[in-house]
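Inspection log for the structure reproduced underneath, given as structure tokens.
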Amino acid sequence: SNAHLIEATNNTDIIQVGAKVKVQEEGLDPEEYVIVGAAESDPRLGRISNESPLGKALLNHKAGDKVRVEAPGGEFEIEILSVG
């Protein structure tokens, strides 16, 4: 009775929870992540929370976008290379 149905979306171009993304910060090698819920996150395995600074910044963006991330260690910009 307390459950909420989340409608599935067929739009795999936009980053949502469950999306696999490849990003690159200028001057660094590309990195791949899967956006997951907070309970499933494990950065060492490339699983980042949708509530983390990087996860929040990536949500609702698409490949080709440049995104500014406000992290505790400072701001940085990344480019989204692909979304799958």
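No lab work stands behind these numbers, since they all come straight from the coordinates. What you see is a predicted model; the values in this text were computed from it and never measured. Neighbour counts run over all protein chains shown; Cβ positions are idealised from the backbone, glycine included.
Between Ala39, Ala19, Ala71, the Gaussian network model of the chain with springs among Cα atoms under 10 angstrom shows the greatest mean-square fluctuation at Ala39. Ranking Ser82, Ser41, Gly64 by how far each Cα lies toward the positive end of the dipole of the chain (charges on Cβ) leaves Ser41 at the top. Of all lysines in the structure, the ones whose alpha carbon falls short of 16 Å from that of Lys20, not counting any fewer than 8 places away in one chain, are Lys56, Lys62. Can you compute the helix-only [θ] at 222 nm over the chain? Use -39500 (n - 2.57) per DSSP H run of at least 4 residues, normalise by all residues, nearest 500 deg cm²/dmol. Using -39500 (n - 2.57) per qualifying helix, the result is -1500 deg cm²/dmol.
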